Amino acid sequence: MMRLPLPEPTLAGMRCLLRPWELRDAATLVAAWSDPEVRRWLPVPDHADRAAAADWIAGEADRRRAGLALDLVAVEPGRGVLGGPDADPVGRPGNGSDVSGEAGADVLGEVGLSAFDPERGAALIGWWTVHRHRRRGVATEMVRLLTTWALGPPLGLEVLVAEVEPGNPGSLAVALAAGYEEVGRRHDGRLVMAAGTVTGAVIGWGRGV
């Protein structure tokens, strides 16, 4: 499995830019893990405390080196770029959900890739957004930014897949707006949404449709 690189240059749009998670974001991650909507749609640790969040963030580089996952946090453009002039001196998965909580005020949400299938050139994409930033187009933009990058060099994936619960219309709307189309359903009823050059290749991929 190839080592997963960070996007260079930084992926940025009108509403957000994407950067790696940093330890200063731990409080935001705890808030996300504790949010009922996130817990409803996404797998989270049983002990979702500050220490667990810090450990998860600290493992980001190892997950990329092992080719397991690439997780990026969305922040407002011009804020929080690591090493940039506006960086804070105080020194992330499938279905989209909204997160409540005031911690980490500059964090808008998270988007990431996982479950890489090198043979098919495929991966899963997932995301969540902070409650106060929902319905502003943030989720759509960060999904679109990461999708466009992942389908080009250096990753050069053929297809990205979003698995959306039918009871989560917000995630479905984001996927559609970001250019994904429904290509099937899992046995458990989840919608399989795909974007890429060979979307038909996701049928029968991963855990099976």
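Every number here is computed from the coordinates shown, using simple stated rules; none is lab data. Owing to the predicted nature of the structure, the values given are computational and were not obtained by experimental measurement. Using ideal geometry, Cβ is built from the backbone for each residue, glycine included, and neighbour counts are taken over all protein chains shown.
Conditions (1) farther than 22 Å from R132 by Cβ; (2) in contact with a strand residue (DSSP E or B) (Cβ under 9 Å, 6 or more places away or on another chain); (3) in a helix (DSSP H, G or I), marked per residue:
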site	(1), (2), (3)
E8	yes, no, no
R15	no, yes, no
T28	no, yes, yes
A32	no, yes, yes
V38	no, yes, yes
A51	yes, no, yes
A54	yes, no, yes
* Taking interchain pairs and intrachain pairs at least six residues apart, which have beta carbon atoms under 8 angstrom, with the first residue in the range 145-163 and acidic (D, E) and the second part of a helix (DSSP H, G or I)? -> E158/A201
